[in-house]
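S.K.: Dropping a structure here in structure tokens format, bear with me for questions.
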Amino acid sequence: MFVIRDAKPKDARGIQEVFYRTWLATYPNQKHGITLDDIEQRYIGYDSPERIDRAAKRITDLPANERFWVAEDSGEIVGVCHIVIEPDKNFLRAIYVLPQYQGQGIGSALMRRADGFFKPLVPSRVTVATYNDRAIRFYEGLGFKKTDRVIVDEKFRMKSGSIITEIEMIRPPKA
């Protein structure tokens, strides 16, 4: 049985592990030129003391308009959610769930927690890799719809030179 709770600095190592393992399982894609080596290179040192300390500090220093939650199962961090509330939109920065825990309602539970903090009178936004069909279906099930906006961001350029291209999805205000 999993629990959703506020992230704490001591969770930094588990959070880093969720990001790493989820990226390994999700983003390599031959058609888009993203290799397993690209992901491995991106995450070199993800569990180093410096990176863990930086992640812990980020949790400690979250601005008032951001929230970060973890899903925990028997003491293990198995999912994460990060949101930013902006004046004109709610921005879902990330929901990641370890591959072996996907399909068990953890992502939906994390989204319900986010919805409890989102402003109801503004739209909610998420960006998803263009080829991440599972995530696209997940967000569509939550009321998000694809827009025509495609995001090509240099921060997602891999060692191979390929970029993980994203699409924008928007959910209209609840009211």
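A quick yes/no check of all residues on (1) farther than 27 Å from Pro63 by Cα; (2) open to solvent by less than 40 Å² (accessible area, probe 1.4 Å); (3) β-branched (Val, Ile, Thr):
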position	(1), (2), (3)
Gly105	yes, yes, no
Arg125	no, yes, no
Val128	no, yes, yes
Gly141	yes, no, no
Val152	no, no, yes
Lys159	yes, no, no
Ile167	no, yes, yes
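S.K.: If you check Asp115 against the conditions, is it open to solvent by 20 Å² or more (accessible area, probe 1.4 Å), more than 17 Å from Ile4 (Cα to Cα) and of a type in the set (Asp, Glu)? If you could, list the steps in order and put the result at the bottom.
M.R.: Details: open to solvent by 20 Å² or more (accessible area, probe 1.4 Å): yes; more than 17 Å from Ile4 (Cα to Cα): no; of a type in the set (Asp, Glu): yes.
For Asp115, the condition - open to solvent by 20 Å² or more (accessible area, probe 1.4 Å), more than 17 Å from Ile4 (Cα to Cα) and of a type in the set (Asp, Glu) - is not met.
S.K.: List the number of the failed condition for Trp69; all other conditions in (1) farther than 19 Å from Leu24 by Cβ; (2) in a loop (DSSP other than H, G, I, E, B) hold.
M.R.: The single condition Trp69 does not satisfy is (2).
S.K.: Select from the range 130-139 the residues that are open to solvent by less than 30 Å² (accessible area, probe 1.4 Å) and among the hydrophobic types (A, V, I, L, M, F, W, C) and write down the one among them that is nearest to Pro28 (Cα to Cα). Break it down stepwise before answering.
M.R.: Initially, the range 130-139 is screened for residues open to solvent by less than 30 Å² (accessible area, probe 1.4 Å), giving 132, 135-136, 139.
Right, trim to among the hydrophobic types (A, V, I, L, M, F, W, C) and you get 135-136.
Numbers: Ala135: 15, Ile136: 16 Å.
Filtering first and then ranking leaves Ala135.
S.K.: Evaluate the following for Gly75: is it among the small types (Gly, Ala, Ser) and within 24 Å of Tyr139 (Cβ to Cβ)?
M.R.: Details: among the small types (Gly, Ala, Ser): yes; within 24 Å of Tyr139 (Cβ to Cβ): no.
When the stated conditions are applied, Gly75 does not pass them.
S.K.: So, in the range 49-91, exactly how many residues are surrounded by fewer than 16 Cβ atoms within 10 Å (Cβ to Cβ), out of contact with any strand residue (DSSP E or B) (no Cβ under 7 Å at 6 or more places or on another chain) and not acidic (Asp, Glu)?
M.R.: Adding up the residues that qualify gives 9.
S.K.: Moving on. Which residues, counting only those in the range 39-55, are under 17 Å from the mean Cα position of the chain (by Cα) and not in a loop (DSSP other than H, G, I, E, B)? Don't jump to the end; show me each part of the working.
M.R.: The initial filter retains those residues of the range 39-55 that are under 17 Å from the mean Cα position of the chain (by Cα), namely 39, 42-43, 46, 55.
Residues satisfying the conditions are Ile39, Arg42, Ala55.
S.K.: Next question. May I ask you to verify whether Lys31 is assigned to a helix (DSSP H, G or I), loosely packed, with under 12 Cβ neighbours inside 10 Å and either at positive phi or not hydrophobic (A, V, I, L, M, F, W, C) (or both)? Spell out how you get there, then give the answer.
M.R.: Numbers: assigned to a helix (DSSP H, G or I): no; loosely packed, with under 12 Cβ neighbours inside 10 Å: yes; either at positive phi or not hydrophobic (A, V, I, L, M, F, W, C) (or both): yes.
The answer is no for Lys31.
S.K.: What strands (runs of 3 or more DSSP E), lying completely within the range 98-175, carry at least 2 residues that are aliphatic (A, V, I, L, M) and out of contact with any helix residue (DSSP H, G or I) (no Cβ under 8 Å at 6 or more places or on another chain)?
M.R.: Details: elements: 124-129, 145-151, 166-171.
The qualifying strands (runs of 3 or more DSSP E) are 145-151.
The values are calculated or read from the model by the stated rules, or taken from the named source; none is laboratory data. Source: prediction; values computed, not measured. Methodologically, a virtual Cβ is constructed for each residue, glycine included, from the backbone with ideal geometry; neighbour enumeration extends over all protein chains shown. Calculation scope for accessible area: heavy atoms of the full protein, side chains included, ligands and nucleic acids excluded. Shrake-Rupley method; radii C 1.70, N 1.55, O 1.52, S 1.80 Å.
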